[in-house]
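Worksheet for the structure shown next.
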Amino acid sequence: MRPLAVVRRALLTPRGLSAIAAAAARDAVALRNLARARRVALVHSNTSVMLSGAATAATARLPHIWHVREIYPGSAFERGWPAFRRLLLSAAVLPCVSRATAVQFGASREAVRVVLDGLAIEPRRAPRAEARAATGMPEDAPVIAVLGRISSWKGQDVLVRALAEPELSARGAIALIAGEAWPGSEERATAIRELAWTLGVSDRVRLIGFRADVENVYGAADIVAVPSSSPDPLPGAAIEAAAAGCAVIASAHGGLPEIIRDGRTGRLVAPGDPAALARAAAALLGDPDARARMGAEAAADVRERFAPARLLAAIHGLYDEVLARPPRG
């Protein structure tokens, strides 16, 4: 066992990419030897391990399935995208986690497939009173939760700004922020606290850090927000909250419209628009029946479309397709 070179957004700098390339070269030697010893038939890697899988497949002369889990245009990696796109298209198959992820390849789509992720857990909502006690939330206040890493593009700041809008200010709505920043980026959490203080909503913003008991976060929340300000390929936070039966409000870009069906299983709002988020949240807070209906329909819909068995069948189909091809010369 050894850790592989993994790409984080913070490493998308010339120095960071050089370090990743060097680590990937070392990975490839070890993985090539492992592939030969185990008589491996193909290599299946993720774009988060950008170069290790490609290097291993090339040195071991094996077909490569490269799972695309990022949207690169418009990100910090945009300048390197044209070259990386060409490298990605050298793979035998490119399963993409969403249509939004696939579309970045434009007309060069022969190798591209859309393969939705499967639920990795069985999410559930804890009973409201129990969940509110566990998370320190008041019994009666409306609560909007956001779960995930605190970052510049996950939208925690959009929710904080939405609290200052008249629709949510009048209701005394609370933002329950569950998650932490990446190590070394703790200033992100500090920035959220400073923004809340500046807007005069500090008393209604609760940062509770990483929580393993997500069922209590779901149970304490009247609404779960996924307000990503940059396109998110296929946020697990939205899939899992919907599967748990929560009413979800999400940004209408990236892979989120492929998870949430607007008006049926949740609401989609303009990205980076606190006022739009506030209006949608206020409407749902004022309509408990709609929240319950959307949550129930979301749970049924998401659990069917993102069932692990469907993902496994799709991946096995890709393996059969690739292995049926003539070997490379």
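Please treat every number below as a calculation from the coordinates, not as lab data. Keep in mind that this is a model prediction, so the values were computed, not measured. Backbone-built Cβ (ideal geometry, glycine too); neighbour counts: all protein chains shown.
Key figures
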read-out: Residue order, fewest to most surrounding Cβ atoms within 10 angstrom, among Tyr72, Tyr218; value: Tyr72, Tyr218
read-out: Per-residue [θ]222 nm for the chain (sum of -39500 (n - 2.57) over DSSP H runs n ≥ 4, rounded to 500); value: -12500 deg cm²/dmol
read-out: Arg305-Ala30 FRET efficiency (beta carbon distance; Förster radius 56 Å; 0.05 resolution); value: 0.90
read-out: Ser75-Arg128 pseudo-label distance in nm [points 7 Å out on the Cα-to-Cβ vector]; value: 3.9 nm
read-out: Full-stretch length increase - Ile121, Ala41 - with 0.36 nm per residue and alpha-carbon distance subtracted; value: 25.9 nm
read-out: Over the chain, relative contact order from alpha-carbon pairs under 8 Å, at least 6 apart, %; value: 16 percent
read-out: Principal axes of the stretch 128-305: Cα extent on each, largest first, Å; value: 40, 34, 31
